[in-house]
Amino acid sequence: MAAIPVSTLLTCRLYAQVATPSDPLVLESGRVLKSVTLCYEVFGRLSPERDNAILVCHALTGDSHVAGRYRADDPKPGWWDDAVGPGKALDTDRYCVICSNVIGGCQGSTGPSSANPDTGRPYGLDFPIVTPRDMVRAQARLLDQLGIRRLVAVIGGSLGAMQALEWAATYPNRMQGVISIGGAGRLHPQAIAFNEVQRQAILNDPDFRGGQYYGTPGPVRGLAIARMLGMITYRSDESMWAQFGRDVRGPGNALQRGFDVTFQVESYLHYQGQKLVERFDANSYLYLTRAMDLMDLGRGRGSYEAAHGLIKARVLAVGIRSDLLFPSYLQQETVRLVRAAGGHAEYLEMDSPWGHDAFLVDFPLIAEPIRRFLDSLERTDGA
């Protein structure tokens, strides 16, 4: 397939057909997707040599809109505005930054809310289970269409960090560097437990209708509760005290409110739950949390330790001091295993009280180290 012209790659929200009935996407499970569309966005201009691209992989409820207000006619903020843009760590005057919505998502890419070509109806729970490795293989097809054979780096936080590490093991010659923030090559059991409780909140909502709720309001209560629990795992006790303490919401006697929303922290959780219901598909929440559970860099590669020996890119693993969901020992383990296999890896810790959310809300703390790491990739590649 001919590469997309360079002149077209300065825009927002594009679509690529990365699997067709004649060239389907075979998943890790053995299931096949006959048709796959990826929604992606591009920030910055691709060089004529197509050698200045950075791939950003998004987290659980993220999307392709990594940078907002990038153009005068784009009023929507991006989820990583602190990181991507002119003069920022991912400098769009220097790099071409690409971000795609993952398969299984609900922001333009093929997922459970998409039409099943065999039935014409939304897949619902007929959508196959996907893994971060499947997401990466779909992204690789997108880059093939864009004519990008080698990336400067792959970067992401949380589920995005998992994809970044999977990129390094699956396509070791396609990037110079990998930046994994608050992620790991496999999920620890406590995080799997958190995910299962969130899924049960959705699955047990009477409005879930076996996953075929499209055309109805859907499992809004279950999804909101799932998000409420998720938000607790994204924060730290330290940040909860700093932002909410034990403050009571509004006037009146807390003792007389019964089970009504009383504390500010309760109000915050209800607000976050409602916000997600308005923009996200419950089935995608099920599939993407399960994808995180199933992440295992070592699957089919001999062992977890052996898989790190496949990584040829330079690795920057970023831990977050107060992270409950991906404790910093996981990122330190990544560095240890890459080094033990003879690779190059370094560890950076964010001294942030914001828990797992720090990679989003406190990115300036690591902006300069990431800029230096990207600079070092160019020097190494040119040596």
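The values are calculated or read from the model by the stated rules, or taken from the named source; none is laboratory data. All values derive from a computational prediction rather than experimental measurement. In this analysis, Cβ positions are derived from the backbone assuming ideal geometry, glycine residues included, and neighbour counts consider all displayed protein chains.
Couple of notes before you dig in:
Residue-by-condition table, conditions (1) over 20 Å from Asp82 (Cα atoms); (2) within 20 Å of the chain's Cα centre (by Cα); (3) assigned to a helix (DSSP H, G or I):
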site	(1), (2), (3)
Glu305	yes, no, yes
Lys312	yes, no, no
Val335	yes, no, yes
Ala358	no, yes, yes
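- Looking only at residues of segment 106-147 that are among the aliphatic types (A, V, I, L, M) and part of a loop (DSSP other than H, G, I, E, B), we find that the one that is surrounded by the fewest Cβ atoms within 10 Å (Cβ to Cβ) is Ile129.
- Only one of the numbered conditions (1) on the phi < 0 side of the Ramachandran plot; (2) not in a helix (DSSP H, G or I) is not met by Gly300, and that is (1).
- Hey, Ala307 in contact with a helix residue (DSSP H, G or I) (Cβ under 6 Å, 6 or more places away or on another chain), closer than 30 Å to Glu378 by Cβ and surrounded by fewer than 16 Cβ atoms within 10 Å (Cβ to Cβ) or not: no
- Being under 18 Å from Gly182 (Cβ atoms) and buried (at least 17 other Cβ atoms within 10 Å of the Cβ) is a property that Val361 lacks.
- Scanning segment 204-247 for residues that are of a type in the set (Asp, Glu) and within 15 Å of Ser267 (Cα to Cα) turns up just one, Asp247.
- Qualifying residue in segment 234-250 (condition: under 30 Å from Tyr123 (Cα atoms), out of contact with any Phe, Trp or Tyr (no Cβ under 6 Å at 6 or more places or on another chain) and modelled with pLDDT of 95 or more): yes
- Subset of segment 163-210 (residues that are over 22 Å from Tyr304 (Cβ atoms), part of a helix (DSSP H, G or I), of a type outside the set (S, T, N, Q) and without any contact (Cβ under 8 Å) to a residue 24 or more places away in the chain): Arg209
- Qualifying positions in segment 254-269 - modelled with pLDDT of 90 or more and in a helix (DSSP H, G or I): Gln264, Val265, Glu266, Ser267, Tyr268, Leu269
- Residues (more than 28 Å from Ala306 (Cβ to Cβ) and either out of contact with any Ser or Thr (no Cβ under 6 Å at 6 or more places or on another chain) or modelled with pLDDT under 95 (or both)) located in segment 334-355: Met350, Asp351, Ser352
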